[in-house]
Amino acid sequence: MALKQVGLKVALIDKAEFPRDKVCGDAIGSRAARVLKNIDPKLADELEAFPQKSKSSGWKLVAPNGKEVKLLFVNYGYVSAREHFDNFLLNLVRKHTSTTIMTGVKITSVNYSESGVDVNLENGSKLNCKMIVGCDGAHSIVRKLAGDFKVDPANYSGAVRAYFDNVIDIEEEIIEIHLGKNFLPGYFWIFPLPNNACNVGFGMLSSEISKRRIDIKKSFYDFIEQHPNLKARFANAKQVGELKGLVCHSVVRIICSPPKMFCFAATRHLLLTR
Ligand SMILES: Cc1cc2nc3c(=O)[nH]c(=O)nc-3n(C[C@H](O)[C@H](O)[C@H](O)COP(=O)(O)OP(=O)(O)OC[C@H]3O[C@@H](n4cnc5c(N)ncnc54)[C@H](O)[C@@H]3O)c2cc1C
């Protein structure tokens with residue numbers, strides 16, 4: 001959407017058909033609304049009006065001894081299942097730009113060429129472009145163009161999540177992080193969604209998971225089982241769908257080799273490499 005201002009001919013390619021599920025905690029920081037507002041205030045209004053989300057105005061951290069600390073956010077955020085939120089964003093692109101959208105199309109490789117970048121697709125066809133912006137996640141194909149692809153367990157975390165209905169004692173607009181003595185440095189989360197649903201997950205650094213040979217799916221259920229308060233809150237809760245896992249790279253990298261390639265691999269700290 002930001003690119004629409006610069007008059008480029010843009011194609012957006014994604015191997016998934018939308019709406020699609022994406023393993024995530026579904027918490028959206030207040031920055032998302034600010035970014036949309038900076039692009040076009042109308043977009044932030046559409047996010048505000050988007051119904052498939054719940055507001056998050058603060059979070060509480062529950063220590064292994066059960067004591068809790070609660071912090072209210074300066075600017076509220078949201079919790080929205082990625083299936084809905086990513087589809088909402090894609091529909092904004094459809095509605096407000098002339099981007100060529102290709103979903104269900106997998107990129108198998110990219111390489112530099114005289115005239116820019118060649119993008120090879122799974123269906124055997126090839127596209128050529130002047131510039132490629134890779135937002136293709138933790139296992140980015142585009143990042144390989146920079147030859148920068150090494151798994152650093154210290155910067156990877158493994159996590160699992162499932163959706164639950166009817167978890168009790170949910171505090172409205174408050175997302176929860178729980179720590180457990182036997183599960184450190186991992187953490188368990190409960191992020192409330194609309195209609196009495198919750199995104200519930202457990203995550204830990206990959207280096208710890210491999211060092212201690214942790215079965216992260218088992219740890220998820222053990223965490224509930226071993227915490228009397230959580231056990232009571234989940235006693236009549238219903239898990240909706242399977243418990244799914246994913247690794248995520250906990251370093252934001254902007255890898256660029258201008259003018260042909262830019263790659264954004266998301267999540268936390270900012271590290272600029274050239
Ligand atoms: C369990 C878990 C919980 C998390 N919880 C939160 C949270 O609550 N809040 C938060 O802000 N962040 C959270 N994160 C981090 C967040 O999910 C990621 O930072 C974010 O999804 C990264 O966005 P991205 O666009 O870089 O990649 P992705 O969201 O992974 O998107 C990449 C896209 O590229 C497409 N793609 C990949 N390869 C190809 C290919 N070869 N060809 C075509 N398309 C391709 C995929 O289909 C996908 O749509 C969590 C992560 C995990 C694993």
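The values are calculated or read from the model by the stated rules, or taken from the named source; none is laboratory data. No experiment lies behind these values; they were computed from the predicted model shown. Glycine gets a Cβ as well: all are built from the backbone with ideal geometry, and neighbour counts include every protein chain shown. Keep in mind that these areas ignore ligands, DNA and RNA; they rest on the heavy atoms of the full protein, side chains included. Shrake-Rupley method; radii C 1.70, N 1.55, O 1.52, S 1.80 Å.
Gain in length, LEU71 to ALA27, computed as 0.36 nm per residue apart minus the alpha-carbon separation, to one decimal in nm?
14.3 nm
Quick one, what does Rg over Rh come out to for region 30-135 if you take C-alpha atoms and the Kirkwood Rh?
Working: Rg = 19.9 Å, Rh = 17.4 Å.
Using Cα coordinates only, the ratio equals 1.14.
Could you work out how far helix 82-96 tilts from the main Cα principal axis of the chain, as a 0 to 90 degree angle to the nearest 10?
30 degrees
For the chain, set up a GNM with springs between Cα atoms under 10 Å and report which of GLY241, GLY137, GLY104 has the largest fluctuation.
Among GLY241, GLY137, GLY104, the largest mean-square fluctuation in the Gaussian network model of the chain belongs to GLY241.
Note down the nm distance, to one decimal, between modelled labels 7 Å out along Cα→Cβ at ASP169 and at LYS95.
If labels sit at ASP169 and LYS95, their model points lie 4.0 nm apart.
Any chance you could get the radius of gyration and Dmax over the Cα atoms of the chain, in Å?
20.3, 64
Taking LYS67 as the anchor, which lysines have their alpha carbon closer than 20 Å to its alpha carbon, excluding any fewer than eight residues away along the same chain?
LYS181, LYS231
Divide the volume of the convex hull of the Cα atoms of region 63-209 by its number of residues and quote the answer in cubic angstrom per residue. Kindly include the intermediate steps, with their values, before the conclusion.
On the way: hull volume 27.1 nm³, N = 147.
Once divided by residue count, the hull of region 63-209 is 184 Å³.
Once you place label points 7 Å from the Cα toward the Cβ at ALA11 and ARG213, how far apart are they in nm?
4.8 nm
Name the GluC sites (Glu not before Pro) in region 1-77 that are in a loop by DSSP and that have at most 11 other C-beta atoms within 10 Å, would you? Walk me through the numbers before you get to the answer.
Numbers: sites: GLU17, GLU46, GLU48, GLU68; in loops: GLU17.
Answer by residue number: GLU17.
Using θ = phi - 60° and the Karplus form 6.51 cos²θ - 1.76 cosθ + 1.60, what ³J(HN,Hα) does each residue of region 138-145 get, whole Hz, x for Gly and Pro?
4, 10, 3, 6, 5, 4, 5, 4
Could you tell me the accessible area of CYS129 in Å² (1.4 Å probe, neighbours in place), rounded to the nearest ten?
Result for CYS129: roughly 40 Å² accessible.
Extending each Cα 7 Å along its Cβ direction at ASP222 and ASP45, get the distance between those two points in nm, one decimal.
Modelled inter-label distance: 5.3 nm.
Please pull out the direction-averaged projected area of region 153-249, using the convex hull of its alpha-carbon atoms, in nm² to one decimal place. Walk me through the numbers on the way to the answer.
Working: hull surface 24.4 nm².
For region 153-249, the mean projected area of the Cα convex hull comes to 6.1 nm².
Where the centre of each part is set by its Cα atoms, how far does region 197-218 sit from region 74-116, in angstrom?
If you average the Cα positions of each part, the centres end up 28 Å apart.
Considering only DSSP beta bridges whose two residues both sit in the chain, what percent are antiparallel, to the nearest 5? Please report the intermediate quantities before stating the final value.
Numbers: 53 of 70 bridges.
If I count the DSSP bridges inside the chain, around 75 percent turn out antiparallel.
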